[in-house]
Amino acid sequence: MIYIYGDSHGEFSFKNLQLPHKNCREYSITMFRIGRDNIIINFNKDEHNENSIIVMVYGEVDCRCHIQRQINMGLNEDDVIYNLVNNYFGTIKNNATIYKKIIIVGVIPPSRQNDFEKIHGPITHAFPFVGSDEDRVRYTNKVNKLIEEFCNINGYVYFNPYHYYASEDGNLNFELSDTSCHLGNNSFFLEKFYELYNNL
């Protein structure tokens, strides 16, 4: 059985998954919160056994607004990103102790603020874009690089087919999105996940 833990991307990226699974996603949960609280939201250790495949999908919200907010408070960019990923993996190691495989999904390319506002209007509500488009691409790339490194260290599987959905500048190709920050047509994502699953 596959257990998917994540924010809203745990739903949108895995919609129509044709494998036995339980989607335990919870909207708007940050990687920062998972690492800070040492709790994976909706995680029930009693559900798992040596055949469980645990999938983790967090980080988009952090790259879109929270990393820049911390930098604006005077913290060092690389320190913020390292602590974010390090604490995240600490929580995974502390909680996920029985499993067949742990798969950590990389962070989706960030949406351009202008693309979002063309559809939805100027942002005057709680859907923040903090920092420039270029900043958010850089944060996403750095977070993904560290996730991959930590996966290699801990024997986890790094899964990131999002390059298919990125524009040349590293932002999300809005034509392949849901006109917000998620995947629209996720067939390529699922195709690559099936390939990964069949080789576990």
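The values are calculated or read from the model by the stated rules, or taken from the named source; none is laboratory data. Computed from a predicted structure; not experimentally measured. Neighbour counts are summed over all protein chains in view; Cβ atoms, including those assigned to glycine, are modelled from backbone coordinates with ideal geometry.
A count restricted to the stretch 131-141 and to residues that are surrounded by 18 or more Cβ atoms within 10 Å (Cβ to Cβ), in a helix (DSSP H, G or I) and touching a residue at least 40 places away in the same chain (Cβ under 8 Å) stands at 3. Looking across the stretch 49-70, just one residue is hydroxyl-bearing (Ser, Thr, Tyr) and more than 10 Å from the chain's Cα centre (by Cα), and that is 52. Among the candidates 46, 78, the residue that is modelled with pLDDT of 95 or more, among the acidic types (Asp, Glu) and assigned to a helix (DSSP H, G or I) is uniquely 78.
Within the stretch 151-200, being free of Cβ contacts under 8 Å to residues at least 60 places away in the same chain, under 16 Å from residue 111 (Cα atoms) and charged (D, E, K, R) holds for 168, 169, 175. Here residue 28 clears all of (1) modelled with pLDDT under 95; (2) over 16 Å from the mean Cα position of the chain (by Cα) except the condition numbered (2). Among the residues of the stretch 93-110, the one identified as aliphatic (A, V, I, L, M), under 21 Å from residue 50 (Cβ atoms) and touching a residue at least 60 places away in the same chain (Cβ under 8 Å) is 103. Reported count of residues in the stretch 32-43, each being closer than 11 Å to residue 6 by Cα and either part of a helix (DSSP H, G or I) or among the small types (Gly, Ala, Ser) (or both), is 1.
All conditions in (1) more than 20 Å from residue 139 (Cα to Cα); (2) part of a strand (DSSP E or B) hold for residue 98, with the sole exception of (2). Residue check: is residue 157 aliphatic (A, V, I, L, M) and in contact with a Pro (Cβ under 7 Å, 6 or more places away or on another chain)? So residue 157 fails the test. Here is a check on your reading of the model: is residue 61 assigned to a helix (DSSP H, G or I) and not acidic (Asp, Glu)? For residue 61, the condition - assigned to a helix (DSSP H, G or I) and not acidic (Asp, Glu) - is met. Output the residues belonging to the stretch 1-22 that are surrounded by 17 or more Cβ atoms within 10 Å (Cβ to Cβ) and either of a type in the set (Ser, Thr, Tyr) or in a strand (DSSP E or B) (or both). Result: 2, 3, 4, 5, 6, 8, 13. Do we have any residue at all in the stretch 158-172 that's small (Gly, Ala, Ser), on the phi < 0 side of the Ramachandran plot, part of a loop (DSSP other than H, G, I, E, B) and over 17 Å from the mean Cα position of the chain (by Cα)? Yes, that holds for at least one residue. Checked against the criterion of being closer than 16 Å to residue 171 by Cβ, touching a residue at least 24 places away in the same chain (Cβ under 8 Å), out of contact with any Leu (no Cβ under 8 Å at 6 or more places or on another chain) and assigned to a helix (DSSP H, G or I), the candidates 114, 144 yield just one match: 144.
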